[in-house]
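The values are calculated or read from the model by the stated rules, or taken from the named source; none is laboratory data. Just so you know, these numbers come straight off a predicted model, no measurement behind them. Here the Cβ is made from the backbone with ideal geometry for all residues, glycine too, and neighbour counts use every protein chain on show.
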Amino acid sequence: MKIKTKLVSYVSLLLFLGFVISSCEGPEGPQGEQGIQGIPGVDGQNGADGQNGADGQNGADGVNCWDTNGDGVQDANEDTNGDGEWNALDCQGVDGNSDVQVYIFNNPTWNSSTMVLNLPALTQEVIDTYLVQAYLGFPVDNVPNSVYYDVPGAANGGAYYYRSWMNVGTYSIKAVEAINTDNAYLNPDIASSAKILLIAPSSTTEVDGNGRSISPQQAVYNELEAAGVDIADYFEVCAYYGINP
């Protein structure tokens with residue numbers, strides 16, 4: 001009985017001490033300062049270079065400069081110097097004409113029904129004295145510039161026509177539907193090129209008093225008409241002035 005009593009007393013004492021210790025535990029203390037950063041580890045070795053990739057396929061050959069229709073065939077008319085060879089010598093144009101300036105706009109774009117071409121050479125003096133003649137080239141069967149329409153003028157068999165106007169620095173073209181009574185504007189086909197010719201008058205006529213005179217532009221028209229040149233035919237005009245179309 002004494003042993004049992006002592007055992008109970010020890011247990012009771014331990015429970016009492018545990019209770020006292022638990023009751024005396026204080027609040028959690030503040031976080032300590034961060035420790036010093038350790039020394040960085042050594043960089044690992046670079047891995048081995050990978051194998052080179054396979055070469056890409058060669059691109060398609062470009063079109064030779066003498067191949068004016070882009071079909072890859074040595075056509076007789078493409079041997080321009082007549083030496084029986086089709087090479088860069090056939091790409092040299094004939095000497096130009098100092099009285100004619102040609103400006104070519106490849107793949108020009110339409111904004112709605114209007115094409116505006118930036119042309120710094122179009123000064124007020126040029127507008128007043130030069131004949132400014134424009135042409136639009138269109139593809140046929142995917143061959144660029146197969147047909148040209150003069151501007152202003154009719155196009156596409158008279159289905160629509162082109163109006164034009166000039167400002168200093170710009171030449172503008174607008175397409176108008178001809179068969180519609182209200183002259184509705186339209187979006188024409190994408191042009192291969194727009195070509196603007198600035199043709200200086202070849203002569204100046206002065207008269208005294210109230211005599212009749214003609215404009216410098218009309219003088220150019222009269223000269224072409226006398227030579228049998230159709231102003232609407234781009235190639236005829238180029239041939240007359242000796243310029244490369």
If you check residue 38 against the conditions, is it at pLDDT below 80, assigned to a loop (DSSP other than H, G, I, E, B) and either surrounded by 10 or more Cβ atoms within 10 Å (Cβ to Cβ) or over 60 Å from the mean Cα position of the chain (by Cα) (or both)?
-> no
Across (1) surrounded by fewer than 12 Cβ atoms within 10 Å (Cβ to Cβ); (2) at pLDDT 85 or above; (3) outside any loop (DSSP other than H, G, I, E, B), residue 157 clears everything bar (2)
Could you say whether any residue in the range 52-59 is modelled with pLDDT under 70 and over 30 Å from residue 224 (Cβ atoms)?
-> yes
Looking only at the range 222-236, count how many residues are in a helix (DSSP H, G or I) and within 35 Å of the chain's Cα centre (by Cα).
-> 3
Counted residues, the range 183-202 - those being over 19 Å from the mean Cα position of the chain (by Cα), in a loop (DSSP other than H, G, I, E, B) and modelled with pLDDT under 70 | 4
